[in-house]
1. Taking segment 402-422, which residues are hydrophobic (A, V, I, L, M, F, W, C) and either touching a strand residue (DSSP E or B) at 6+ places or on another chain (Cβ under 6 Å) or touching a residue at least 24 places away in the same chain (Cβ under 8 Å) (or both)?
2. Do you know which of the residues in segment 248-299 that are within 21 Å of Arg383 (Cα to Cα) and of a type in the set (Gly, Ala, Ser) is surrounded by the most Cβ atoms within 10 Å (Cβ to Cβ)?
3. Could you list, in sequence order, the residues of segment 24-39 that are surrounded by 15 or more Cβ atoms within 10 Å (Cβ to Cβ) and touching a helix residue (DSSP H, G or I) at 6+ places or on another chain (Cβ under 7 Å)?
4. In the set Ala85, Ala50, which member is within 24 Å of the chain's Cα centre (by Cα), among the small types (Gly, Ala, Ser) and surrounded by fewer than 16 Cβ atoms within 10 Å (Cβ to Cβ)?
5. Is it the case that Ser79 is buried (at least 20 other Cβ atoms within 10 Å of the Cβ), assigned by TED's automatic domain parsing to the domain that holds Asn143 and of a type outside the set (Val, Ile, Thr)?
6. Could you tell me whether any residue of segment 436-447 is at pLDDT 95 or above, assigned to a loop (DSSP other than H, G, I, E, B) and either touching a Lys or Arg at 6+ places or on another chain (Cβ under 7 Å) or crowded, with 20+ Cβ neighbours inside 10 Å (or both)?
7. Being surrounded by 14 or more Cβ atoms within 10 Å (Cβ to Cβ), outside any helix (DSSP H, G or I) and on the phi < 0 side of the Ramachandran plot is the filter here; which residues of segment 568-602 pass it?
8. Looking at segment 520-532, is at least one residue surrounded by fewer than 20 Cβ atoms within 10 Å (Cβ to Cβ), over 22 Å from the mean Cα position of the chain (by Cα) and not in a loop (DSSP other than H, G, I, E, B)?
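The values are calculated or read from the model by the stated rules, or taken from the named source; none is laboratory data. These numbers were taken from a predicted model, which means no experiment stands behind them. Please note: Cβ atoms are built from the backbone with ideal geometry, for glycine as well, and neighbour counts cover all protein chains shown.
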Amino acid sequence: MNPSVLRVTERIIERSRHTRSDYLARMDQARGQGVHRTELSCGNLAHGFAACAPGDKQRLKLAQGADIAIVSAYNDMLSAHQPLARFPNLIKEAVAGMGGVAQFAGGVPAMCDGVTQGQPGMELSLFSRDTIAMATAVALSHNMFDGVLCLGVCDKIVPGLLIGALSFGHLPVIFVPAGPMPSGLSNPEKARIRQLYAEGKVGRDALLECESQSYHAPGTCTFYGTANSNQLLMEVMGLHLPGTAFVNPDTPLRDALTQAAAEQVCRITALGRDYRPLCQVVDERALVNGLVALMATGGSTNHCLHMVAIARAAGVLIDWDDYAELSRATPLLTRIYPNGSADINHFQAAGGMALLIHQLLNAGLLHEAVMTVSGRGLGDYTREPRLEEGKLVWREGPHESLDTRVVADLAKPFAPDGGLKLLTGNLGRATMKVSAVEPEHRVVEAPAIVIEDQEALKALFDSGELERDFVLVVRFQGPAANGMPELHKLTPYLGVLQDKGFRVALVTDGRMSGASGKVPAAIHLTPEALRGGPLSRVREGDIIRVDGDNGTLAVKLTDDELNGRDVVTLNRRQHHYGMGRELFAGMRQLVTGAEQGACTLFADADAEHG
């Protein structure tokens, strides 16, 4: 094993000793004795199977087979989740073939950041993760089930499903994705037209046509944002069947994988001899495996928040120092947009997850001897699924890249270190996705332009005031201020200015997105401005240095000068009402800082452990 990976793993284990022990003790207690529905009263149980077919009722009465919960993020507006409509029938048929029953236990909300980007609804996005976690818990609260299939794909949905399922970690859980849409308009061409629109050189009709050609069919968006980072994580953490992540929707292979997941979850319940509860699959080693894979691929910056919250749900404590050390130890092995021009389908064709996991295992960067839902450790995940004469089989995947422009050979990585960087200094702690930023743009030292609303940038751009070097400060965008919306709307304007030769960077206590792009962006800055973070003391014209090479972020002031200034305060009331935002007031008050996962769910547990 790579010594840095071992060191980080051991540090996390020691840091989490008490919280992890408490979590596992709760899961042991929850497992109880025998089949859970036998603990229900007759009235409880009758309510639980009242709508079932007679044969299913009999199975559930006698506890003869597994009862599998389906928790789904299906809706038919969002392309990534529309294919999930067909999954329950496929699952029920497969579970019945295993002598069990599958019940649709509950649906969870699934919103799309692509629809809400730059809109008021985006301020619900991050909090939707915790809402999904709670909805998952409600779905599983009936105590009827022996196993769970979680159906979801996109940004906050998979982390929310996993956080919620971890409260029922005594059950086996398999994640069942829908897969990416076929490739459409190339990512570089999409970015080019967006910048032309920002400059006023093409109209809305051209922009809409571009977007429609990019997002054009059922399935996940094909760039390597948070949705596809989610699928990579579920696979490398052993929560998918091998090779499941990036098979296109509505294909025979996708249907076969969905049915195979339903069959497998029946095999790994406590009713049989191969019990694989979620609490044992998601441990410190699996979480480190997930972080390493994110670094090796330049994955979504949103997982600087989500993985912290997922880990906390499993009783494990991780922080950005862990990310930073793993990033230094992990070579960058993929070029997928926004880290390159290829999309996720190109990655799959070049060797996909089987190749990536094979390379990382060979480099000693992943823990191989982990529990997975498939059965035999992470080595299983170097295989890929195929249909042979209508039968699903797994064959060893490629050991060498089939396209070194997309997936590098281990001996010749795209960069010696990973895709994410921790920035520290007198402004706090922030993260940067350096894998998407060319080396010549990673260090910017320039005067600050300070705004408190992303809408203000367009007016400045149109007026010509931005035709110079600057560091854009966008503050009061943290989780407590307004739910930490993604600020991806800034990207085209800043990209235009960078292309003109100006040195520009972004500093914000908000998020960008899973598609954080070519402009250096110090994001998730914590502590946030609303809670008195140093960003609230920055003034227009202050010189700020953003250094993605050395990992520093500082305003060129002495401690006395910075601390002697008054804190700027801002009334965010206009961001707290409308589009349902008033319903999330309690979450804005409870939410932790970005490095603690921007989470609202574990306040009591965290207080108990200091």
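1. Residues satisfying the conditions are Leu402, Val406, Val407, Ala408, Leu410, Phe414, Ala415, Leu420, Leu422.
2. Ala296
3. Passing the criteria: Leu24, Met27, Arg37.
4. Ala85
5. yes
6. No: zero hits.
7. Within segment 568-602, Val568, Leu570, Arg572, His576, Val591, Thr592, Gly593, Cys599, Thr600, Leu601, Phe602 qualify.
8. Yes; the residues of segment 520-532 include at least one that is surrounded by fewer than 20 Cβ atoms within 10 Å (Cβ to Cβ), over 22 Å from the mean Cα position of the chain (by Cα) and not in a loop (DSSP other than H, G, I, E, B).
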